[in-house]
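*Asks:* Questions regarding the structure given below will be posed in turn.
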Amino acid sequence: MDVDYALLKKGGFMRQKQKNCFSLRLKVVGGHLDAKQLSVIAEVAEKYGEGYVHLTSRQGVEIPFIKLDDIDDVKTALAKGDCEPGVCGPRVRTVTACQGKAICPSGCIDTYALAQELSERFFAKDLPHKFKFGVTGCQNNCLKAEENDIGIKGGIEVKWIEDKCIRCGVCENICRTKAISFEGERLILDESKCNCCGRCTKACPSDAWENNEGYILSFGGLFGNRIHKGEEIIPIIHDKKTLFRVIDTAVAFFGEYAKPGERFRFTIERIGEDIFRKIIEEAYNG
Amino acid sequence: MADYNIDEYTDITDVVCPVTFVKAKVAIEELEPGQVLSIHMNAGEPVQNVPRSMKEEGHKVLKLNKNDDGTYDLIVEKGDE
């Protein structure tokens, strides 16, 4: 029987150097695995692999040394622990995320919830080449948003509430971009300098800020053979409807214009950055 | 800005997170409600977190003064128990 390696790869079975052995990639969203999943992964690695797993660079789990003949049994065993194989090849890959505001004091957005939404909408979607999403909660950028084809970074747009402010000066002193200054009793926020990191509002002892959470998008990041930092081309987005309209548009652009095996960044370069920018701006404006 | 008289001083420049907050918390617990503590701290993480933590503990941040050597003095009034 001929083995369809492309189909196996699509289903997360990565062919190893060793004959008839596969490193099985599992589906993971935002680096989140519960105890039941971990337990079944351990069982499968013991029984069908060599008793260990490899943690991939993008928060995935692979179980090496799965034998070709065991593939169906392995899938069945994993399903019992709510695990399923992941994907490889030309399609939307694992959506990565930091822990975000649900856990991290610095987080500005609920990264894991967004990663789940993105994964449900796009995971395994066939495209001309691999396509990666990454969600990071704030400017600290633990999840390295700009190395993804589409990166999403949480931010907070702030507005000063004059009558709650006690003029303690904490915000002015901790602002990294020097966007905040005082003229006597008045706070001056220079919006051209503000990067929406949210440090001022998080440190404020008197809650003297109105917070407007949002998503800062970057497009066309690469971190492989060529390195390119994904670029921000539109302002921070505050609602999911606009966010998904812009993302849908970017993915559709890639699906329509990319040549097989061409990463998003190269498609943008070949078709024209100005054209791509215009399409994204139109989607942003609705 | 309102005037204040400092009743006690503590220096947390010799410790790092999370001991910065612990040391400040221990110092303010020695005071009576309404008394004022000055907390000497380094730039960076302590300035980001200690003022907020003090507020969450029910105390009132009055002022953050920047010193010439890059350190800060946070002026906090102890809240009611």
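Quick note: the coordinates plus some simple rules give every number you see, no bench work behind them. Source: prediction; values computed, not measured. Neighbour counts run over all protein chains shown; Cβ positions are idealised from the backbone, glycine included.
*Asks:* Excluding residues fewer than 8 places away in the same chain, name every one of the lysines whose C-alpha is closer than 27 Å to that of A:Lys164.
*Replies:* The qualifying lysines are A:Lys101, A:Lys178, A:Lys193, A:Lys202, B:Lys25, B:Lys55, B:Lys60, B:Lys63, B:Lys66, B:Lys78.
*Asks:* Taking the Cα centroid of region A:39-60 and of region B:39-61, what is the distance between the two, rounded to the nearest whole Å?
*Replies:* Centre-to-centre (Cα) distance: 43 Å.
*Asks:* Follow-up. For region A:158-286, rounded, prolate or oblate, judged on the Cα gyration tensor with a ≥ b ≥ c (square roots of eigenvalues), a/c < 1.5 rounded, else prolate if a/b > b/c? Spell out each step's value before the answer.
*Replies:* Numbers: a/c = 3.37, a/b = 2.50, b/c = 1.35.
Because a/c hits 1.5 or more and a/b exceeds b/c, region A:158-286 counts as prolate.
*Asks:* Calculate how many DSSP beta bridges within chain B are antiparallel, expressed in % of all such bridges and rounded to the nearest 5.
*Replies:* Details: 12 of 16 bridges.
Of those bridges, close to 75 percent are antiparallel.
*Asks:* Here's a follow-up. Just tell me which aspartates and glutamates come within less than 14 Å, Cα to Cα, of A:Lys80; anything on the same chain fewer than 8 places away is out.
*Replies:* Cross-link targets: A:Asp34, A:Glu43, A:Asp72.
*Asks:* On to the next question. In Å and from the alpha-carbon atoms only, list the Rg and Dmax of chain B.
*Replies:* For chain B, the Cα radius of gyration and maximum Cα-Cα distance read 11.4, 35 Å.
*Asks:* For the protein assembly as shown, give the share of DSSP beta bridges that are antiparallel, in percent and rounded to the nearest 5; count only bridges with both residues there.
*Replies:* Values: 43 of 54 bridges.
If I count the DSSP bridges inside the protein assembly as shown, around 80 percent turn out antiparallel.
*Asks:* Still on this structure: What whole-number value in cubic angstrom gives the convex hull volume per residue for the C-alpha atoms of the protein assembly as shown? Each step should come with its number before you reach the end.
*Replies:* On the way: hull volume 67.9 nm³, N = 367.
Each residue corresponds to 185 Å³ of Cα convex hull volume.
*Asks:* Could you tell me the center-to-center distance, by alpha carbons, between region A:62-135 and region A:176-217 in angstrom?
*Replies:* 35
*Asks:* With θ set to phi - 60°, apply the Karplus curve 6.51 cos²θ - 1.76 cosθ + 1.60 along region B:54-65 and write out the HN-Hα couplings as whole Hz, x wherever there is a Gly or Pro.
*Replies:* Listing the rounded values in order: 4, 5, 5, 7, x, 9, 10, 6, 9, 6, 10, 9 Hz.
*Asks:* I've got another one for you. Suppose a student asked you for the relative contact order of region A:5-80, using Cα pairs under 8 Å spaced at least 6 residues apart; what percent would you report? Intermediate values should be presented prior to the final figure.
*Replies:* Details: 97 pairs, mean separation 23.8, N = 76.
Taking the mean separation of contacting Cα pairs over the length of region A:5-80, I get 31 percent.
*Asks:* Per residue of chain A, what 222 nm ellipticity follows from adding -39500 (n - 2.57) for every DSSP H run with n ≥ 4, rounded to the nearest 500?
*Replies:* Working: 9 runs with 90 residues, N = 286.
Per the formula, -9000 deg cm²/dmol.
*Asks:* Could you list, in their original order, any pairs among A:Lys17/A:Lys153; A:Lys10/A:Lys229; A:Lys36/A:Lys67 whose Cα atoms are separated by more than 30 Å? Write down the numbers at each step before the final one.
*Replies:* Values: A:Lys17/A:Lys153 38 Å; A:Lys10/A:Lys229 27 Å; A:Lys36/A:Lys67 24 Å.
Beyond 30 Å between Cα atoms: A:Lys17/A:Lys153.
*Asks:* Please turn the phi angles of region A:168-175 into ³J(HN,Hα) values with the Karplus equation 6.51 cos²θ - 1.76 cosθ + 1.60 (θ = phi - 60°), one per residue in order, whole Hz, x for glycine and proline.
*Replies:* Those phi angles translate into 6, x, 4, 4, 4, 6, 9, 5 Hz.
*Asks:* Fewest to most neighbouring Cβ within 10 Å: what's the order for A:Lys153, A:Lys178?
*Replies:* Values: A:Lys153 30, A:Lys178 10.
So the residues, fewest neighbours to most, are A:Lys178, A:Lys153.
*Asks:* Further, regarding this structure: Relative contact order for chain A: what percent, with Cα pairs under 8 Å and sequence separation of 6 or more? Let's see the in-between values first.
*Replies:* Values: 584 pairs, mean separation 39.8, N = 286.
Contact order relative to length: 14 percent.
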